[in-house]
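Just so you know, all these numbers are worked out from the coordinates, no wet-lab data involved. Since this is a predicted model, take the numbers as computed values, not measurements. In this analysis, Cβ positions are derived from the backbone assuming ideal geometry, glycine residues included, and neighbour counts consider all displayed protein chains.
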Amino acid sequence: MNTQTNEMEMNRIDAIARAFGNNIPTNRKELLMFILEDMDDDTLIDLWNERCQNGSYDDEIYPLDEYHINEVLCPHRTPFEMLRAFADDFNPHDDYVMFNGYGVMVSFDDPREHIYISDLADYLVRNNIDTEKFEDWEDEIMYAFLHGAEGMEKLTEEEIGDLDWERIIDTDWDEYVDEIISDRE
């Protein structure tokens, strides 16, 4: 049983190493971009909309369904105003809708075409991160930190064993390593 568990863990570590390839993140932004690229659409949209609610409302992405059109996007518009709110190429069979910069609704199927991963990663670095949304990537976070952060060679095995993945994703890596080293004294 123990040998099988160790073998499964080694396979998981190998899979993580292959996923990173030669591009092991060396800071939080790079790590967040890697994770965001791999994240499911619904979670990615939630994070993107959180960013948008802090200054760029037109970029919010909504499901294209009756509730969001009637109750969220156009609750007080007349039928004529609603017709004017849709872009010429609006397709009611698409999956998502958002406003363009002119207050006109555009529809689309792939939300990733409208989400700027680098901007979202910058936002997450500057603000508190809801680490719950990143729990599925705990192993990748630890691997990236252990293999990409500067100063890891200064840490003892015990300190490495006590690393907190939530702190890694929510703290500047250099500061976290320095804090661990300074806690020795």
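Among the numbered conditions (1) polar (S, T, N, Q); (2) under 30 Å from ASP14 (Cβ atoms); (3) surrounded by fewer than 13 Cβ atoms within 10 Å (Cβ to Cβ), tell me where ASN70 comes up short.
Of the numbered conditions (1) polar (S, T, N, Q); (2) under 30 Å from ASP14 (Cβ atoms); (3) surrounded by fewer than 13 Cβ atoms within 10 Å (Cβ to Cβ), the odd one out for ASN70 is (2).
Quick check on my filter: what residues within the range 97-156 are of a type in the set (Ser, Thr, Tyr), touching a residue at least 60 places away in the same chain (Cβ under 8 Å) and surrounded by 16 or more Cβ atoms within 10 Å (Cβ to Cβ)?
TYR123, TYR143
Which ones in the range 71-110 are polar (S, T, N, Q) and farther than 21 Å from CYS52 by Cα?
THR78, ASN91
Of the residues ASP89, ASP42, only one is within 30 Å of ILE141 (Cα to Cα), exposed (fewer than 12 other Cβ atoms within 10 Å of the Cβ) and of a type outside the set (Ser, Thr, Tyr); which?
Result of the check over ASP89, ASP42: ASP42.
Which of the numbered conditions does ARG167 fail, given that it passes all the others? Conditions: (1) without any contact (Cβ under 8 Å) to a residue 12 or more places away in the chain; (2) surrounded by fewer than 14 Cβ atoms within 10 Å (Cβ to Cβ).
Unmet for ARG167, out of (1) without any contact (Cβ under 8 Å) to a residue 12 or more places away in the chain; (2) surrounded by fewer than 14 Cβ atoms within 10 Å (Cβ to Cβ): (2).
Which count do you get for residues in the range 58-67 that are surrounded by fewer than 20 Cβ atoms within 10 Å (Cβ to Cβ) and in contact (Cβ under 8 Å) with a residue 12 or more places away in the chain?
5
Would you say ASN91 is polar (S, T, N, Q) and in contact with a helix residue (DSSP H, G or I) (Cβ under 9 Å, 6 or more places away or on another chain)?
Against the criterion (polar (S, T, N, Q) and in contact with a helix residue (DSSP H, G or I) (Cβ under 9 Å, 6 or more places away or on another chain)), ASN91 does not qualify.
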